[in-house]
1. Looking only at residues that are outside any strand (DSSP E or B) and among the aliphatic types (A, V, I, L, M) in the stretch 28-61, which one is farthest from Tyr161 (Cα to Cα)?
2. Please find, within the stretch 96-112, the residue that is nearest to Arg171 (Cα to Cα) out of those that are open to solvent by less than 80 Å² (accessible area, probe 1.4 Å) and over 18 Å from the mean Cα position of the chain (by Cα).
3. Taking the stretch 65-82 as the search range and keeping residues that are at pLDDT 95 or above and more than 11 Å from the chain's Cα centre (by Cα), which one is farthest from Glu177 (Cα to Cα)?
4. Kindly list the number of the only condition in (1) free of Cβ contacts under 8 Å to residues at least 12 places away in the same chain; (2) open to solvent by less than 30 Å² (accessible area, probe 1.4 Å); (3) over 18 Å from the mean Cα position of the chain (by Cα) that fails for Thr41.
5. Arg46 fails exactly one of the following numbered conditions: (1) surrounded by fewer than 12 Cβ atoms within 10 Å (Cβ to Cβ); (2) farther than 30 Å from Lys191 by Cβ; (3) free of Cβ contacts under 8 Å to residues at least 60 places away in the same chain. What is the number of that condition?
6. Tell me the residue from Pro13, Pro103 that is assigned to a loop (DSSP other than H, G, I, E, B) and free of Cβ contacts under 8 Å to residues at least 40 places away in the same chain, please.
7. Within the stretch 163-191, how many residues turn out to be over 30 Å from Thr41 (Cβ atoms) and either modelled with pLDDT of 95 or more or open to solvent by 60 Å² or more (accessible area, probe 1.4 Å) (or both)?
8. Out of all the residues in the stretch 52-65, is one or more among the hydrophobic types (A, V, I, L, M, F, W, C) and crowded, with 16+ Cβ neighbours inside 10 Å?
Amino acid sequence: TEGLGLSGGGSGPQIIFDPLARPIPKIPLPNDIATTLDDTTVTGRRVNISTESPTRLQAGTKERINQLDGFGTYMTITVSFDRPIDITTVNDSTVKLIKLLPPGEGTVVPLDLGKGFFPHIRRPVSFWDHDPLKDANNLLLSPDNRADLDGDTIAEFIDFYEFETDTLLIRNIIPTEEASRYAVVITNGLK
């Protein structure tokens with residue numbers, strides 16, 4: 001039988017993982033690497049990010065983030081790659097979110113991955129005269145964040161991958177449990 005293990009590498013896109021990058025580490029989020037042990041919290045951890053910032057507002061926000069004992073139960077999970085992935089290979093068999101602690105360890109959490117549970121489309125709004133994005137119908141991603149997934153030569157808006165930064169946006173359909181731990185598993189089926 002085959003077990004879980006580290007990939008032997010290859011020539012495909014690699015996950016960006018540079019925890020020492022400044023001013024912000026380049027790591028998948030949420031991530032235990034961005035926490036420190038803290039026995040005074042329910043989770044036993046505390047968020048620990050650099051407060052280095054160009055403004056006092058940003059530094060103050062980061063200081064408040066460092067008071068948290070973990071990440072959100074409904075937080076978008078982000079995984080950035082060093083180059084584009086084949087988004088037609090992003091599905092429930094190639095990307096998984098698995099609960100690690102009892103009760104229910106090993107449970108696979110259902111993910112959106114472009115199924116439409118979190119629509120970003122809205123009526124276009126212009127914020128000022130000559131707004132270059134006056135026809136944009138979402139507030140999170142570029143209007144050009146499109147690809148033809150079904151082969152009909154019409155590029156659809158994609159809400160689970162950001163082409164500008166080659167970042168996979170993973171959204172769990174149901175909230176994860178507080179004070180628990182989860183693992184994101186990306187299989188070699190993702191190309």
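The values are calculated or read from the model by the stated rules, or taken from the named source; none is laboratory data. Only a predicted model underlies this, so the values are computations on that prediction, with no experimental measurement involved. Every residue, glycine among them, receives a Cβ derived from its backbone with ideal geometry; neighbour counts consider all protein chains shown. All accessible areas refer to the heavy atoms of the entire protein, side chains included, with ligands and DNA or RNA removed. Shrake-Rupley method; radii C 1.70, N 1.55, O 1.52, S 1.80 Å.
1. Step by step, filter the stretch 28-61, then rank; the result is Val42.
2. Once the filter is applied, the top-ranked residue is Thr107.
3. Filtering first and then ranking leaves Asp82.
4. Going through the list (1) free of Cβ contacts under 8 Å to residues at least 12 places away in the same chain; (2) open to solvent by less than 30 Å² (accessible area, probe 1.4 Å); (3) over 18 Å from the mean Cα position of the chain (by Cα), Thr41 breaks only (1).
5. (1)
6. Exactly one residue qualifies, and that residue is Pro103.
7. Of the residues in that region, 6 qualify.
8. Looking through the stretch 52-65, none of the residues is among the hydrophobic types (A, V, I, L, M, F, W, C) and crowded, with 16+ Cβ neighbours inside 10 Å.
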